[in-house]
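Participant: Okay, here's the structure, questions in a sec.
Coordinate-derived values only; no laboratory data. Model, not experiment: these values are computed from the prediction. Here Cβ is always computed from backbone atoms with ideal geometry, including for glycine, and neighbour counts include all displayed protein chains.
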Amino acid sequence: MEKTFRKNTRVIRPATMEDFPEIREIFASARTRMAEEGNPGQWGTDGPPVEKTLTDIRDGHCYVVIENEEIIGVFSFLPGDDPTYAKIDGAWPDDRPYGTIHRIAAGKKGAKMFRDVLDFCGSLSGVIRIDTHENNRTMLSLMEKYGFRKCGTIRLENGEPRIAFQKNL
């Protein structure tokens with residue numbers, strides 16, 4: 001399946017190791033914005049973990065969103081079962097195969113890229129799952145806007161809780 005996606009002026013393509021410095025800059029910008037919006041704890045002062053991002057790039061799961069030849073956003077999309085989603089305080093609406101969006105972040109010019117990311121991920125899987133911190137008002141608003149169903153609470157590997165959502169496309 002084609003892993004490059006074009007929509008209007010935006011392109012989504014697999015990230016490369018050469019993109020890593022720009023990806024880290026986007027994560028830094030997102031951390032600052034999250035802290036300003038009352039969510040300093042989700043990624044702390046240096047998240048998401050560098051090794052997870054590098055692994056996602058190596059495994060072909062990390063993608064960049066490009067507009068006018070500039071990287072404006074980044075996310076990871078992992079097809080198949082996510083171990084952190086195996087146990088939920090709540091319930092998934094079904095047990096259909098799914099893909100998971102992780103570590104999504106927009107740079108200063110990346111506003112309104114979520115629709116494109118959702119369209120891209122939907123082309124790879126008919127069921128999308130995602131989770132976010134309870135204080136991430138931006139993501140919570142996007143979940144509502146795009147019709148994601150709140151399913152319950154999952155726990156990350158480190159035990160931190162996250163609100164989990166699913167959307168059947």
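Participant: Let me know the number of lysine pairs in the chain closer than 22 Å at the Cα, not counting same-chain pairs under 8 apart.
Facilitator: So the count works out to 18.
Participant: Moving on. Find the percent of Cα-Cα distances in segment 50-147 that exceed 15 Å, and round it to a whole number.
Facilitator: It works out to 65 percent of all Cα pairs.
Participant: What does the extension gain come out to for Ala86 and Glu134, with contour length at 0.36 nm per residue minus their alpha carbon separation?
Facilitator: Numbers: separation 48, 0.36 × 48 = 17.28 nm, distance 1.96 nm.
Contour length minus Cα-Cα distance gives 15.3 nm.
Participant: Normalised by the empirical 2.2 N^0.38 Å for globular proteins, what value does the Cα Rg of the chain take? Intermediate results must be reported in sequence, preceding the final value.
Facilitator: Numbers: Rg = 14.9 Å, N = 169, 2.2 N^0.38 = 15.5 Å.
Here the answer is 0.97, to two decimals.
Participant: Now for a separate question. Note the direction-averaged projected area, equal to a quarter of the hull surface, for the Cα convex hull of segment 1-58, in nm².
Facilitator: Working: hull surface 21.2 nm².
The orientation-averaged projected area of the Cα hull of segment 1-58 comes to 5.3 nm².
Participant: I'd like to compare 118-127, 153-162, 3-12: which one has the highest average count of other Cβ atoms within 10 Å, and what's the full order after that? The partial results should precede the final answer.
Facilitator: Numbers: 118-127: 17.4, 153-162: 12.5, 3-12: 14.4.
Those peptides, ordered most packed to least, come out 118-127, 3-12, 153-162.
Participant: With bins 10 Å wide starting at 0, give me the P(r) of segment 120-169 over every alpha carbon pair, in whole percents.
Facilitator: All Cα pairs, binned at 10 Å, distribute as 26, 51, 22, 0 percent.
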